[in-house]
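Participant: One structure, pasted below without further comment.
None of the figures in this text is laboratory data; all of them are computed from the coordinates on show. Keep in mind the model is a prediction, meaning the values are calculated, not measured. Note that we place each Cβ from the backbone using ideal geometry, even for glycine, and neighbour counts take in every protein chain shown.
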Amino acid sequence: MLILRSSPPSPFGRKAKIAAAVLGLSDRITVELTDTKDPHDSIRKQNPLGKIPALVLEDGKVLFDSSVIVDYLDHLAGGGKVIPAGATRHDALRLQALADGIMDAALLQVYETRFRPEDKRHTEWLAYQADKVTRGLASLEADLPDTVSPDRTPNVGEIAVACMLGYLDLRFAGDWRAGHPGLVGWLKTFEAAVPAYEATRPPV
């Protein structure tokens, strides 16, 4: 069995779990809860960066970074599925990069408020990260991802966008929704087409 080190709130871990589900690989993966704040958690030995997700292979080798993990899962499933071959490949990877960048910026805002006392928080840094999220969402709203349907495997970029929006719902009370009706509708369609999205929804 493959072992996926993750935690329910992680949008990057969710991306790996949804990819595994749509590729038909969920039954080959055990998800192992991980506490990255715990210095005794084995994640720091498995991934020297101490970050999730990390995928422990059957030979003990560990892959980390969600984009690497999803690429491996796509290869395991025969290739060209969530990471398309041909002309649309880099469109999907570019979309993933944008969604992942928004997730990174959102996470940095969460960490700044979670780990620093209020009087030591860097407001300019928070605004800098928030502006990345604002620009990224505006770009997606202006050029929505393709609509996902039940008869088409979503690509890695579409999965990443859905996980990013889910994370903004979780950590920022869905504030993004008011100004992005196109993305709201897109996510509703994705959720209906991909049961793994609901199955991996983190607890509030």
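Participant: A 28 angstrom limit on the alpha carbon distance is what I want to check against. Which of K15/K37; K15/K132; K61/K188; K17/K120 exceed it?
Facilitator: Numbers: K15/K37 21 Å; K15/K132 20 Å; K61/K188 37 Å; K17/K120 36 Å.
Check vs 28 Å cut-off fails for K61/K188; K17/K120.
Participant: Then there is this: Would you list which aspartates and glutamates come within 20 Å of K45, measuring only between C-alpha atoms, while excluding same-chain residues fewer than 8 positions from it?
Facilitator: In chain and number order, the partners are E32, D35, E58, D59, D65.
Participant: Please rank I18, I83, I69, fewest neighbouring Cβ atoms within 10 Å first, as an exposure proxy. If you can, show how the numbers build up before the last one.
Facilitator: Numbers: I18 28, I83 21, I69 25.
Least crowded to most crowded, the residues run I83, I69, I18.
Participant: Could you tell me whether the chain comes out rounded, prolate or oblate from its Cα gyration tensor? Rule is a ≥ b ≥ c as square roots of the eigenvalues, rounded for a/c under 1.5, then prolate if a/b exceeds b/c, otherwise oblate.
Facilitator: Since a/c reaches 1.5 but b/c is at least a/b, the shape of the chain is classed as oblate.
Participant: In which sequence would Y167, Y72, Y128 go, from the one with the fewest C-beta neighbours within 10 Å to the one with the most?
Facilitator: Going from least to most buried by this count: Y128, Y72, Y167.
Participant: Only bridges with both residues in the chain count here: give the DSSP antiparallel percent, nearest 5. Please report the intermediate quantities before stating the final value.
Facilitator: On the way: 6 of 11 bridges.
In the chain, DSSP labels about 55 percent of beta bridges as antiparallel.
Participant: State which stretch of the chain is the longest one without any exposed trypsin sites (Lys or Arg not before Pro), exposure meaning a DSSP loop state and at most 14 other Cβ atoms within 10 Å.
Facilitator: Formally, the longest exposed-site-free interval is 62-120.
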